[in-house]
Structure formats: C-alpha cells, structure tokens
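Laboratory data are not the source of any read-out in this text; all were calculated from the coordinates shown. As the structure is a prediction and not an experimental result, all values here were calculated from the model. Ideal geometry is used to build each Cβ from the backbone, glycine not excepted, and the neighbour counts take in all protein chains shown.
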Amino acid sequence: AEERQFSRSYLWDSNAVVMQDMTKYKKNPPYTIGFSNASISNSWRVFMDREVRAEAEKHKDLIKTLYVTDAQDKPDKQIGDTEDLVAKGCDLIILSAATMAALDPIATRIHKQGIPIVCLDRRVKSDNFTSFVTASNFTQGRMMMLWLCQMLKGKGNIVMLPGMAGAGPAEERIIGAKEILSQFPDVKVLDMQYTSWSPSEGKRIMAAMIQSFGNKIEGVWCDSGLQGSGAIEALQEAGLKVPITGEDLNAYLTRVQKYEFPAMSIGFPVKMGAEAVRTSLKVLQGIPVPFIVNVTRKVLTTVDTADVKSDQPWDTMAHPEWPGDWWIDNTLPQNWLPK
Amino acid sequence: MAQAILEMKSITKNFPGVRAVDKVDFSCVSGEVHALVGENGAGKSTLMKILAGAYPQDEGSIRLKNRQIHMASPHDAQRHGISIIYQEFNLIPDLTVADNVFLGREPKKHGLIDKRRISQLTEKLLSQLDVKIDPYERARNLSVAEQQMVEVAKALSLNADIIIMDEPSAVVSGKELDALFGIIRSLKQAGKLIIYISHRLAEIFEIADRVTVLKDGRLVDTIEIANVDKQALIRMMVGRSLDETFPPKKRGPVEEIVVLKNVRLTTHREPLNLTIRSGEILGVAGLVGSGRTALARAIFGADPIEEGEIVIQGESFSRLTPRIAISEGIGFVTEDRKKEGVVHCLPVKNNLTFPILNRIHKLFFVKDDEEKAICARCIEQFNIRTPTLDQLIRYLSGGNQQKVIIAKWINAQPRLIIMDEPTRGIDVGAKAEIYNLMRRLATEGTGIMMISSELPEIIGLSDRILVMHQGRVAGELSPQDATEEEILSLATGQTKPIHASGAGQ
Amino acid sequence: MEAYTAWTGSRRFAFKSTFEKYGIYIFLIILFIFASFVSPAFLQPQNLKDVLHQAAALGIVAIGQTFVILGGRGGLDLSVASVMATVAVIIAKNTGGQNELLLPVALVCVLFGLLVGLANGLLVTKRKVPPFMATLGMMIIIEGFRFIYTKGAPKGDFPPILRFLGRGDLGPIPVSVLSLAALTAIAVIILRKTLFGRQLYAVGGNIHTAYLSGYNADVILTITYMASGLTAVIAGMYLAGWIGIADNWVGKGYELDSIAAVVMGGTSFEGGQGGVLGTIAGVLIIMMIYNLILLLHLPIQVQYIVKGAVIILAASFYVRRSST
Amino acid sequence: MMFKRWKEHWPTIVVFIVLVVLFVGTSFVSEVFFTGRNLKNLLRQAAALGIVSTGQTFAILIGGIDLSIGSVVSLTSCLTTGILEGQGHLLIPVICLVIAIAVLIGFLNGFMITRTGVHPLIVTLGMMSIVQGAVLVYTKAPAGSIPESFMFLAWGEVGFLPFPVFYFAAVAFLGIFVLHRTAFGRYVYATGGNEEVARLSGVKTNRVKIVVYIISAFTAALTGLFLASRMGMGDPLAGERYMLDSIVPVLIGGTSLTGGKGGLVGTLPGVFIITILSNAMNLFGVSSYWQWIVQGAIIILAVAFYWKQK
Ligand SMILES: Nc1ncnc2c1ncn2[C@@H]1O[C@H](COP(=O)(O)OP(=O)(O)OP(=O)(O)O)[C@@H](O)[C@H]1O
Ligand SMILES: Nc1ncnc2c1ncn2[C@@H]1O[C@H](COP(=O)(O)OP(=O)(O)OP(=O)(O)O)[C@@H](O)[C@H]1O
Ligand SMILES: [Mg+2]
Ligand SMILES: [Mg+2]
C-alpha cells in the first residue's frame, strides 16, 4: 500500500488559542486556591499532584494557601470534596475531574457563583469553567496509531491494548486511534482488550494474545506506558519483536531500550499540573488565558516515520537508574521528586 | 374406640446413610394423650417433624379428620391445626418473649403489628402456665426451663387441635412440670389430641392413654397404657428385658481431688465450699437455675470465678482454664450437646479424640494408627452405632452422640469427670449402659460429679448427694437416708442448710 | 460389628455426596476439555505454562485464605492484596535490584506479613472485631502507609533471582508452579496430619467444644491469619517477580478472587469443612476462565460476567439443599 | 428493669454520643464547619451513602450481606442516563424500568441464595461481577445525559434544606417503619436470629430473604437514580465504592454481621459519622494518605469497641 502523508497540524487541536478576558476575576493577592484531585492512586497522578504543589510553592508570594483534596477515584466523593473547598472560601478551584460528567453539575454551580474554575487533565462535560489545561487524549491515540500504521507501511495485523473499561481517557484515545485506522484499510485489528492500566494485566493479556495469534501480531498499540511495560515483556519472552507504543513512563522507556524494540512514546505530560497553577494565577490577576491550554508534549521514537519524528533521542529520556514508576517528562525540581 | 382424627400411613423418611422412619403407621383419636416412645434414634422426632411440616416425607400419606392432606411447610401444619414443641430449642434469642410466642402469626391492627395485644395475650398464656416471665424480656436472658415454658406457651397460643410435645420434660422439673401436666389434662378435657414424647417412663404411665413404640425407625406396636407395665414397655423398646435397677454401690479408693475454698461464681452471690473425691459418685441435685452448671463450669475453668480458690490435687488455682483443668485430669461432659459437645461437621473419629490429641502426637504429627485403634476400641466398648469411623457425627442419633462425648472424656483417663445431665434425652438401654460405666469408673478410682435433674437417678447412683439452691449448697445428704421429698425441700429452700460432713471441712 | 452393618442401610446418598466432594474437580476437567475444544491455542504448552504462572500467585494467597476461612465464624482476610503490593514496593525499593539484598529484605517482608496477620488475628480474637471489618480496615491502613512510604511512586528494581522465581522455568515447569505445589503439599500435610490442623478443624467446627477440649482457639485462629499474611508475602514476591515492576497495585483484586477460589473449592464460611486441594482447583478454574476469554477474543468485560456465574455455579455444588 | 433496657440499647446510644461529640467538636475547631453552606453539603453528601446503607442494613440483619449493591448503583445510573439522553418525557418510564431491573437482580440474588444455599457473600460477589460486566458491556465510558427537570432530585432545595435530605429521610423513615412496625420487619429479625427456628415457627424465611435482597437492590437503584441526577451522566464505575462503603456504617451502627441484632437506628448515625469525618478531614486539610489510615482505623476501632461490650 502507498504511504500516506499527514501534516502534523492535523493531529493537534486547532481551537487551542481562543483567548478569554479575565478581568472579572481580578483580585488582589494573596490567594487561596483549592485543588480538587480525582485521586493520587497511581504514579502519574502523584507526579501531577506534585507539579501542582511545587508550582504553588514557587509562587508563595501570591498564593497564601493551597488546599488539596483527594477523591480516591470516587466521583461522588469528589463532588463533596469540591463543595468542601468552596466552603473553605477558595478564590479559585483547580479541578481534575474523576469523570467528565460527575463533576459537571458542581462545576457549573461554582462557575455560576463567579468562582473561577481551572480544569486540569480531565474537563467537565459542559463549557462551564474558566480554562482547561490538558493534553489531548484524542491526539495521543491518533499519534500512536499513525506511527504504528506507518511502521507497518500501511499493511499488517495489530492488537490494541487500551486502558480501563469505563474510563473516559481510555475511550478518547481509542476514538483517536480509530480515526487513523479508518485511513489505513489494510491494517487489521486482531483483538482489542482493556488492561486496567496495569502492568500485570498488560503482560497477562499480551501473553494470551501471543498464544492465540502467534506471529500474526505485527504491532501493538498500548495507550499508556503502564500496560505497555507489561506487554513488552510478554513480547520479549515470546521472542516477538514488533513495534509498540506507550508513554513516557520510565519502566516502559527503559524496557524498550533494554530489549531494543521499535517503539514510540507520546507523553501525557504530568507537567500540566504546573501549567494549571500558572494559568490560575493569570486568571486571578486578570490576564487573558486560552479556553483550552494544550500543554506541549514530547514525542519519542526509536524509528522515525514520515509523520512521526522523535523530539529527542530515546536514550536521553530513558533512565534505567531511576524508578520505573517515574514520569520523565516532568518539570519537578529535585527536592519535589518522590523519593 | 373413637374415630381416628389423625392417620399417618406407611411413612418413610431417609437421611444420608440412615432410614430414620421406615413404613410407620401411626394413628390417634381426639381427646387422648398419646405417648411416643423408643430408644434414641428410633425416629420419634423425625416422625413428628414430618407431621409438623418441618420435613417432607419420602413416602406415605397423612390423613387428618378423614381428609388427605399435604404438608409443604410448617405454616401448612399450623393451618391444619397442628402445633409442636420441638425437642431442640426453638426461640429467637434476640426477640422478646412475646414476639417469640406469636412469631409468624402476629395479631395485626391496620396491617401493622399490634404490640400491646401481643404482650397481653402472652401474659395471659404464661399465667395459665403458672410462670412469671416478663413478655418484654429477650429470650436469650431466660433460663433453659423458662425457655421451655415459653415454648409451651407458643404451642398453646396456636389453639391447635393437635399438640405435639417432643421431650418437654427434659429440662423442666418440679412446679413447672406439674403445671405442664395440668395443662395437658385440661387440653385433653377440651378434646384435643396431645402427642407426648419422653424417655421418662414414669411420666408416660402418669399421663398417657395410649402408647406407640418405635424401634430402629419401625413401628413396634400401639397399645393402651392400661394393658402394659414398665418392664413390658422397656422390652418393646429395646427388644429385650432390662434390669432398671442401678448398679450396686461400690466405691474405689477414696481421696480428695478437688476442693473449693470460698469460691464465688459470677452468677451467684454466696461463696461455695465443697470437696470432691475420687472413687465415688457425687450427685448434685437442684432446681433448674440453681447454679449446678455454673459450678461445674467453674471447676472445669470454662468460666472464671469471682473470688476464692480451687484446689486440685493439692495445687491451688484462682484462674483456671479448660486447658489446665484437662492437664490436671478433669473431664467435662456438658449439658448442651449440640452447642458445646460435638463438632457436628467432623467425623466420629475426630470427635472421639479431641481431649487426647496432644497425647497421641509425635513432633507435630498426629499418630494415625494409634488414633484409629483408640477409636475402634471406643466404638466397641461403648456400643456406639455408626456405619464407619468417618461418618459425620451429626448423622448419629442423640444418644449415640452422647456416648461419643462420654467416650472421648474417658479416653483422656481423667481423675475426675464432671457429667452435666449425662442421661438427658437418652433411652433406657443407653442409660443403663451409662450407669454401669459410671459405677465402673468410680470403682476403678475415678471421681465422678454427676449433675442430674432426675431424682431417682441421683438417689440410686450417688454415693453422696449435694443439693443446691440459688447458687449455694443447701445441704449434703447420704443416699441411704435421702428421700425425694427431702431433696426437693432442700432444693426449694424450705429447709435450713445442713452442713454435712464432707463439705467445707 | 453388628452396629456397622445395621447402619449401612441406604446407599442412595453415596452418589450425591461423592458428587459434592469431587464436583469441583469434575468441573475443572470439564472446563479443561471444553477449553481445548473451543480454542486450539489453549492446549499449547506455552499457554498452559502462562496460565500456571498466573495461577501460582493466586494459588499461594488462596492457601492462606483457606486457613483463615477454615477457622470459621466468618473468618476471611481482605488485607492480602494490600500486603502483596506492599511487599512488592518494599523489595523494589530496598534491594535496588541486587541479589545479595534479596534475602534480608525478604525476611523483613515475611516479618511484615506475620505482623499484619498477628494484628488481624488479635483484633479478631481478642477484640472480637468481625474479620470482615478487621481485615478491611487493615487493608485500608496498609494502603495508606504504603502510599506514604512510596510517596505514590514506587521506585527500585527487582533482583534477577526474584525475576527468575516469578517467571523462570526449571525444565518444562515454571518455578512458581513448583513452589505452589510445594506449598500446597505442606498445607495439606499441616491440615490433615498435624495437631494444629486437627485443632483448626475443631475450632472452625465448634469453637465452644474446642475450648472445652483445652484448645486455645485464639492462638489457633491468630496463627491462621499469620499464615495468610505469610502466604500473601510469598505470593506478592512471585507476582512482583513475574511483572518486574514495582506497582502500587500489585495483586489488586486478589482478595476477592482468592475468597472465591476457596469457596468454590468447597470450604464453607461456617468453617471446619473443606481443604486446600479444592481451593487450588478453584484457582485453576478462575485462571482458565480468564485465559479462555482472551483466547476466544471475547471482550474482557465478559470476563466479569463469566467469572460471576462460575463462582455461583461452582459454590452451589457443595451445598445441600437446606430444607427440601 | 429500666436500666436493663438502657443497657441493651447501649451500643446505639454510644453511636449517637460519638456523633454528637464529633459534630460539636468539629464545629468548635473549624469555623467553616458549622455554616449553613457546609451543613447543606454535608447532608447532600450523606444522602447516597445513607440510602445504600439502608438497604445493606436489611441484608446484614438477616445474616446476609449484599456485595452487588455497588454494581447495581452503577447499572441504574448508566441505564437512566443512557436511555434518557436528556429526554424529559421518558423520565417516569425510565425510572420504573431501572427500578424493575434492580428488583429483578435483587430477586435473583435472593433466589439463588435460598435455592442453592450458597453463602450470600459468594452469591452477591458473583452477581456483583456479572452486573459490573454487563454495565461495562452496555457502556464503556461515562455517557448519557439527563433532562434539566431530573436535576432537582440531587440539586433542588426546599426552603433551606437540599432536596436529597427529604429523599434520604423518606427512605430511612420507610426502612425504620418496615423494620419495627410490620410483621415483615419482625420476620427479618427472626430470620437473622435463627433461620431454622423462624422457618419452623411458620415464617416463610425464603420469601423473607428474597424480599430483603430485593429491598437492598431497590435502595441501590434509588441511589443510582440519585447519582445520575447528581452527576448528570451515567458512570459505569460510579457505584464501585459502595460495595464496601455501604457495609461500614451498618457495622459502626451496631448491627451484627451474624444477623438478628441492630437496625437502622444505628446505621443512620453511622452514615453521618463517616460523612462528617470525611468532611472534617477535608476542612482540616489532612493529607489523603492519612485520611485512608484514619478511615481504616475508624472501621476497626468502632467495631472493636462494641464487640467487646458483649
Ligand atoms: N437432619 C438429619 N440428618 C441426618 N440424619 C438425621 C437427621 N435427623 C435425624 N437423623 C437420624 O435419623 C434417626 C432418627 O432420629 P430422631 O431424631 O428421629 O430420633 P429420636 O427417636 O427422636 O431420638 P432421640 O430420643 O435421641 O431424640 C437417627 O439415626 C438420626 O441420627
Ligand atoms: N453466662 C451467664 N450470664 C448470666 N447469668 C447466667 C449465666 N449462666 C447462667 N446464668 C444464670 O445463672 C443461674 C444458674 O444457672 P445454671 O445453668 O448454673 O443452673 P443449673 O442448676 O445448672 O440449671 P440447669 O438445669 O438449667 O442446668 C441461672 O439463673 C442462669 O440464668
Ligand atoms: Mg428426638
Ligand atoms: Mg445445668
């Protein structure tokens, strides 16, 4: 099949820079900011949580207090947490929603009360918030699939290992991936199974897929480095060296390096936490901010394709001496890294 | 003979490994007290449970007032006017007495429970029975005898035509028993049918009109009570004639084993002083709730004592546990077989070796062969009826379960064995075996403390008799000159305490 | 002897009770045959090995769980998964991938597991906390401390020996399966042949009788919780070795899966009945189902449905219809 | 006599005392706690947990347990929003439909428990798995929407009070009424106290059990509806937490896992104790890991406290 050309701008969100007037939120410092976090039950969320806190500490002169709540992945609890934060008189709420829908009514209410809300990582369903700091999941799905399809020269069999059934980001990444797939009629998806973003599930499911498809598998699409790190081990144990996708999770990066797999990674960067704090400060100072803030992200490949090129060499990001659970594309100062 | 109101035809019921009831015909007329007797495991309770809708029969039919009926549930039986007092206790511990009595048939007002009416009716029923129990009391706080009387009230509250009583007298005595008999007579007068099961043959002769005998699940015969005497009845039950006299009293070497010094039980106020000796049978009599069980449990360390000390073979203890008691050579046959006696989900074999397990092991391992040998010997020696050693004990009849329990303690070769109501619910045949066994043990030098509510047993078997009243020793008698009246008057607190030789020192 | 013959009356129940006793194994065999018919990939040695690899960790946890459930009175241990994950992060952090450090760190983990078990046991026996609550609370507490310990992002690496234990083979057989077999054998012997095993069955069957037979029920039950803590530690090590990544959620879901396996294997919550072999059969069934669903390319959500149905179905083999 | 009664109700009284102490204590320490706004939050937060725990109380009272509650909550919330898709005229039929489905699940739980004799923990665990799988097959990600009118259930206010308070109060009141005033309530206690005895007394225990599991699934459906209204969207994982969370207030409230003892009068303060604790820890800014540890400790301590009482 012929190789198709894609312009990179197609992959990124186009409506990113709609600046909005923030004068109505202008306030004199110091500020009290509330951060309602969906959970810190995995290392990605821990890093993001730390990005928020570290950035707030950098702006100690402006931010008097930062209240942080953790909803332990319970949308219902997060609604209550957010209410609690408002009750404590926060000037602005940073909201990393457990689910888009669950937090929508409460966000809407707070928004209507005139308290600015900055969504982080996951937004709420309606547009009733001030700004949304994120990196697009659709983009991520598209980018990963594009690389994979181009690696296969537009023809071949792949398996898809998305994240958790029932979770929004996982679905969005699948949608992105399928958009690209529809452009490559000769790439066949042999099977798609959810992995709960767990390394062990990733390994278990990959192993079973190897059993049922064997050499037919020519590429593996993982929407995250978590299951990717498990899947890559199953592939390595079976001696199947096929292209695989993932994120900037150190375990994934280092295993790719160690086992010498053709791989790509696109970070869903934890540094968006810091960006959210900076955006919040702008809001409270009355400086215009975009409605959607797309955080820049690093793309890594071991092999470049026509449209997906590595931003920097793989080896500069993979750090075998660091913990596997670290997210490399971060802006945390040394003393804030979880040690 | 009047027309039979109840006819059970060719009833059969199988349980795993056992045919509990085998083609039994059973018929009764109204206005009679019909006794049902037989050895343990003869199938009496099973037959009655079928009649009460608790089990479906495998074969056979039931006719009531000339109509074929089908009993699908206890509820059906109640609708047909059959009520039953079960052999096992039958109250919900956390409901009140009143709620228990009317459970399943609550009087209602506007669709809601009429609490006031329930307690009024209960009070009335209980006063008929001549017992004072608060209808609002939770059942768990009642003594065994009180619970039994509540059961009777529950059975009466149905206003049924047929009332089945499965060993109601096993746990009541004295005044309560008289009240119960009074009620039975007046029910009979009112034309009701009472089916009465008991192992106490004297009661049968006192109250029954006709008697049906079962043996090994089969019908032996149904006859007028007037046409039979005790010996004949026993012959029908056990298939041979039985000498119901007690074994001759012969003591073994007598020495002090356990001495209680100012022991105060948690359940009672007054301190107790008494001495238990080896080589003799100490009978402990008293009314229900007089503290006999509490005393036994204290000596065995099953419940802690409030103050005082227990001296076992010279060594003094203020905090005993069963573990220590066993190592000091004490055994304890409890009164509640189901709750504290057997482990119903385990085989006979395991049940036989509980107290001696730590004697037949090497390193950490139980010596299988030795265990099997011991068990086989027990089965032989105590005539325990079980298909194999690996049969689960819950499939054995009550009497055989009791034999297993006694056997397991004798296996431990104790210096003192406490037996709390050892013959409760045991048939005459097994009873005689147990009596002989106890005497043999005593002669061989084991001490035996026997708690019993059956006065003939106390008098006939004991070498010394202790009578308890409200937690204290009301007196000590010697069996030669003790009469039932004397024991009763001590037990009811009508006579001043007697300090006889053995007690206290 | 006469007594024996008189009581062998009806044999009708023999079949039924045999069926009850061996039902789970029959089920396992049927499932195995079914699986090999519907999916050609199932019988491939590598696939069977994969299944066994995964069964090993669950099987090891389930052994300890069997002990706890045998003790009766609603005993169960919900804290096992939490212990497993904690062990994984402790080993990763403290060995830093060095073989020499594995033994001392593993010993610390064993101590940790025993302590958790001891705490569970004391809560259940001395404070009379229902096991469900005691171990649930313990599970949440350990989670909290684990996250404080790792700060949410576990670090470190697993020593090669541990990785070998978790995913290596000795000849054709996975090391972890050999370990599972060895532990099963030990457990069977403990339960059937030793004093402790016999006392455990007695305590589970009727705690009053056991007490009056001079057994220290509290000690025995506490030991079962400690056994469960210990097996959770071992299972955590094998699972960590198999995945090779210090994940904060190693073993998630194993608490309920292990309980399901135990009950499917014929050990009842009333205690005093059942054993370890049935449990292992239950574990294999659960793992085969997981595997089969993937091999048949069913969506993985179906796994939940099938697992639920099989749990209920298998457990109902054992239970006599109560009244009819 | 009077003293004896008191002693019997001691555990319940203690729960109330703990609640009051917690409430008064937090009001003193935190100035925002005792504000109208925060109290309204508190009540709204308590509603969902309160309603599921009511159903769970019934299940635990008969000596059972219902682990499928959580997935039924997820199922009903997803079905409601998924079918409604914002169409107001479908509201009533959809509510009826999801309740009917929950009742069916409850019936199946009860039916299997009574028919097979398998322990309720296992049956409902299996059912949990089945229903959760079904929800995920039906909808893989949070989806659907609700009409504006349906928002009232979770967000509306009547006078000063949020509407959920009335919703919760109605369920709780009905529960207490059924337990203590009707013959069925008596049978629930009897079945939990000693099933065989209850059966032999003519109580249709199997029927009682089935109805109890229907009740617990029904309250799960009510919670699912509430969450659908509160979140505006069905979330296939929303109910997961209630599997274990619903049990905690019941046991803190003094209902024994062996059944037959306790009741809603203890569960309700239990619900508020948990809600206030979580609220207070947020207000004090307790780090979330420590919040976990406190939660775990509370579960153990609360229960350790009474079980020693006996
Ligand atoms: N639920 C049961 N399961 C199995 N076997 C049973 C069951 N109930 C009774 N049996 C057996 O059926 C037989 C008859 O028992 P049943 O209780 O009817 O005897 P019984 O005449 O009432 O004896 P007892 O005088 O000891 O009360 C016994 O062998 C007993 O072991
Ligand atoms: N654990 C306990 N707590 C409170 N009271 C108790 C306890 N055990 C027994 N009692 C009460 O103590 C009294 C003595 O009971 P005990 O069982 O010792 O009497 P008993 O003479 O053996 O009677 P029974 O014939 O019922 O065995 C009874 O009133 C009983 O209700
Ligand atoms: Mg009987
Ligand atoms: Mg007694």
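Placing +1 at every Lys and Arg Cβ and -1 at every Asp and Glu Cβ, with all other atoms neutral, what dipole size does chain C have around its Cα centre, in debye to the nearest 20?
The calculated dipole for chain C is roughly 500 debye.
Taking other residues whose beta carbon is less than 9 angstrom from the beta carbon of D:Gly192, and scoring Lys, Arg as +1 and Asp, Glu as -1, yields -1. Considering only chain B, what is the antiparallel percent among its DSSP beta bridges, to the nearest 5? Within chain B, antiparallel bridges account for around 55 percent of the total. Note on chain C: helix-only mean residue ellipticity at 222 nm, from DSSP H runs of 4+ residues weighted -39500 (n - 2.57) and normalised by residue number, equals -25000 deg cm²/dmol. Across the range C:180-278, the mean sequence separation of Cα contacts (distance under 8 Å, 6 or more residues apart), normalised by length, yields a relative contact order of 31 percent.
Would you kindly calculate the translational diffusion coefficient of the protein assembly as shown, applying Stokes-Einstein with the Kirkwood radius from alpha carbon pairs, for 25 °C and a viscosity of 0.890 mPa s, and quote it in µm² s⁻¹ without decimals?
Answer from the Stokes-Einstein relation: 69 µm²/s.
When the Gaussian network model of chain C links Cα atoms closer than 10 Å, the mean-square fluctuations of C:Phe158, C:Phe132, C:Phe269 top out at C:Phe132.
Just need the relative contact order of the range D:35-243 here, percent rounded to a whole number, with Cα pairs under 8 Å and 6+ apart. Contact order relative to length: 45 percent.
The mean of 1/r over all distinct Cα pairs in chain D, once inverted, gives the Kirkwood hydrodynamic radius of 19.9 Å. Mean per-residue shielding of peptide A:211-220 is 3, counting Cβ atoms of other chains within 10 Å of each Cβ. In the protein assembly as shown, taking the dipole from charged Cβ atoms about the Cα centre, the farthest positive-side position among B:Leu91, C:Pro130, D:Val14 is held by B:Leu91. Counting neighbouring Cβ atoms within 10 Å and putting the fewest first, the residues A:Glu321, B:Glu421, B:Glu270, A:Glu218 line up as A:Glu321, B:Glu270, A:Glu218, B:Glu421. In chain A, the DSSP beta bridges split such that about 15 percent are antiparallel, to the nearest 5. Using alpha carbon centroids, what distance separates the range B:320-343 and the range B:37-57, in Å? Using only Cα atoms, the two centres lie 30 Å from each other. Around B:Val33, with a cut-off of 13 angstrom between Cβ atoms, what is the net charge of the other residues, counting Lys and Arg +1 and Asp and Glu -1? That sum, taken over residues with Cβ under 13 Å, equals -1. For the range B:70-168, averaging the sequence separation of C-alpha pairs within contact (under 8 Å, six or more residues apart) and dividing by the residue count gives a relative contact order of 46 percent.
Over all other residues within a Cβ to Cβ distance under 10 Å of B:Arg277, the charged ones net out to -2, with Lys and Arg as +1 and Asp and Glu as -1.
Here the peptides A:286-293, D:226-233 are ranked by packing, the mean other Cβ count within 10 Å, and the order with the highest first is D:226-233, A:286-293. For the segment D:227-234, counting C-beta atoms of other chains within 10 Å of every residue's C-beta and taking the mean gives 6. Give the percent of DSSP beta bridges with both residues in the protein assembly as shown that are antiparallel, rounded to the nearest 5. So the antiparallel bridges in the protein assembly as shown amount to around 45 percent.
Ranked by the mean number of other Cβ atoms within 10 Å of their residues, highest first, the peptides D:79-86, C:133-140, B:135-142 fall in the order C:133-140, D:79-86, B:135-142. Taking other C-beta atoms within 10 angstrom as a stand-in for reagent exposure, D:Val135, D:Val14 fall in the order D:Val14, D:Val135, fewest first.
Projecting the Cα atoms of D:Val158, B:Ser453, B:Gln402 onto the charge dipole of the protein assembly as shown (Cβ charges, centred on the Cα centre) puts D:Val158 farthest toward the positive pole.
Shielding of peptide C:143-151 by partners, expressed as the average count of other chain Cβ atoms within 10 Å per residue Cβ, is 6. A simple charge model with +1 on the Cβ of Lys and Arg, -1 on the Cβ of Asp and Glu and nothing else charged puts the dipole of the protein assembly as shown at about 900 debye relative to its Cα centre. In the range B:190-240, taking the dipole from charged Cβ atoms about the Cα centre, the farthest positive-side position among B:Ile195, B:Val220, B:Phe205 is held by B:Val220. Remark: B:Asp94, C:Asp50, B:Asp58 ranked as B:Asp58, B:Asp94, C:Asp50, counting other beta-carbon atoms within 10 Å and listing the fewest first. Peptides A:167-178, B:255-266, D:66-77 ranked from most to least packed by the mean count of surrounding Cβ atoms within 10 Å: D:66-77, A:167-178, B:255-266. For B:Met419, the residues whose modelled amide H falls within less than 5 Å of its own, excluding neighbours fewer than 5 places apart on the same chain, are B:Val333, B:Met449, B:Met450, B:Ile451. Rounded to the nearest whole Å³, what is the per residue volume of the convex hull around the Cα atoms of chain A? Normalising the Cα hull of chain A by residue number yields 123 Å³.
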